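Some notes on the structure that comes next.
The values are calculated or read from the model by the stated rules, or taken from the named source; none is laboratory data. What you see is a predicted model; the values in this text were computed from it and never measured. Using ideal geometry, Cβ is built from the backbone for each residue, glycine included, and neighbour counts are taken over all protein chains shown. In case anyone asks, the SASA skips ligands and DNA or RNA and just uses the protein heavy atoms, side chains included. Shrake-Rupley method; radii C 1.70, N 1.55, O 1.52, S 1.80 Å.
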Amino acid sequence: MTHPHAPLRRSVPTQGGAVVVGFSGGMDSTVLLHLLANDTAIRREGLRALHVHHGLQAGADAWAGHCDQACMALGVPLTLVRVRVDRDSGLGPEGAARAARHRAFAQALGDGEILALAHHRDDQAETFLLRALRGSGVDGLAAMRHWRRYAGGWLWRPLLAQPRVALHAYARAHGLHWVEDPGNAGSDPDRNFLRHQVLPLLRERWPHAAHSLARSAVLCAEAADLLDAGDALALADARRDRDTLDVEVLQALPRARRARVLRHWVLALQLPPLPGNGVDRIETALLGARADAQASFDWSGARVQRWRNLLHAGRIRAPLPLRWEQDWDGQAPLALPTGDRLQLLGTDRFDESIRVHARRGGERIRLPRRSHQHSLKQVLQARGVPPWQRVRMPLLSDREGLLAAGDGILSARLQAWLQERGAGLLWRQGPGG
């Protein structure tokens, strides 16, 4: 039987850094904590444990107490974090608890630190099967990685190549004590059904089933890494700025590559992952639309839209209310109903209060070095301001007329006033603006 300590040193990353063990008190994390606590090099870099208290089981307080005693016995500092599990998240009980747990991990992890989790080979086989049954592609079938970037540091799974029986043997040989989660004994959720019914049946026919499934996950990870490298090049070629892609460049890509580029782009913008039909909707409704159609696709509070032969992506943002207006003297930043704000920089205040309001149509403005007024609509079109920014754009007016639209379109009068004082106007758009 493979001893779980054998691969531990070989998988320690060269970057180093303090290690934070995600410690549930179960057998797997108990073995991992014991292994790391007895590793001199790990101790030298720094070692502590983190227990996430979900409050979902009647024995949760007792589990936390067990974890505290186990860490005291090993001389490892323990942090207890209580979390609220969002039962209405749509992720299911297990998924919601996992999301809450990872939020706690990410917040607790310092820059360059390493989060160590106790997933093993049987966990990997279960994950591979679950994702295959959900129709995942090569990225999903890559399942869990030994080592990857995580929050401000890294996530490390030192025991991922080890079967659960090896961890159990280690725990017995060292007289370790752990708590049992009663949720692990049932056939729900899906992972437990695979663990207790499907995989044992597979092993009867194929004794090395878990090893083979985990090996397939490794091969998928290698293939995904190769694809990712090509995706990064294609994405860089299609990008015109952070949140826009060139439609013609996208259309020149093979469809499969285009789908991957779109998904990577959305994730890079920290938007919710595209749903299963997301790429198809973008293909048909946006890439196939006329350049002037202003087509869009919405999901989970995010939006991809086409305008002027570009795809734009971001959070869905509310427009300024049509009838909203407010007086502003410039002394303090002005908070707008959209979550944006206006700020006067380099001078104390305006000579007299001005009116800040939403665009209602028909406005005209005299630009610097121009002898006559222009329609604001034409100016916005000429400047390439997207329609969704126009409806959020605050306008500044006084008794003589329009002074500014946002901070990029200034009237001749306002620009001269600002230049005399070495001042400026800033429209700071909120997240996703």
Quiz item: In terms of the Cα gyration tensor, with a ≥ b ≥ c the square roots of its eigenvalues, is the range 107-232 rounded because a/c is under 1.5, prolate because a/b exceeds b/c, or oblate?
Solution: oblate
Quiz prompt | Paired Rg and Dmax values of the range 248-361, which use every Cα atom, in angstrom | solution = 19.5, 59
Self-check item: Rg/Rh (Cα only; Kirkwood hydrodynamic radius) as it applies to the range 266-317
Solution: 0.94
Practice problem: Per residue of the range 366-374, in order, report the coupling 6.51 cos²θ - 1.76 cosθ + 1.60 (Karplus, θ = phi - 60°) as ³J(HN,Hα) in whole Hz, putting x for Gly and Pro. | Solution: 9, 7, x, 6, 10, 8, 9, 7, 10
Quiz item: Sorted by average packing, counted as other Cβ atoms within 10 angstrom per residue and highest first, what order do 236-246, 141-151, 108-118 take?
Solution: 108-118, 141-151, 236-246
Quiz prompt | For the range 308-433: rounded, prolate or oblate by the Cα gyration tensor [a/c cutoff 1.5] | solution = oblate
Self-check item: Nearest-10 value in Å² for the accessible area of F193, using the 1.4 Å probe
Solution: 90 Å²
Quiz item: Taking N as the number of residues in the chain, what is its Cα Rg relative to 2.2 N^0.38 Å?
Solution: 1.28
Practice problem: Using packing as a proxy for protection, rank 296-302, 171-177 so that the peptide with the highest average count of other Cβ atoms within 10 Å comes first. | Solution: 296-302, 171-177
Self-check item: Whole-number accessible area per residue in Å² for the range 275-360, which is evaluated in the context of all protein chains at 1.4 Å
Solution: 52 Å²
Self-check item: Surface share of carbon and sulfur [accessible, 1.4 angstrom probe, percent] for the chain
Solution: 50 percent
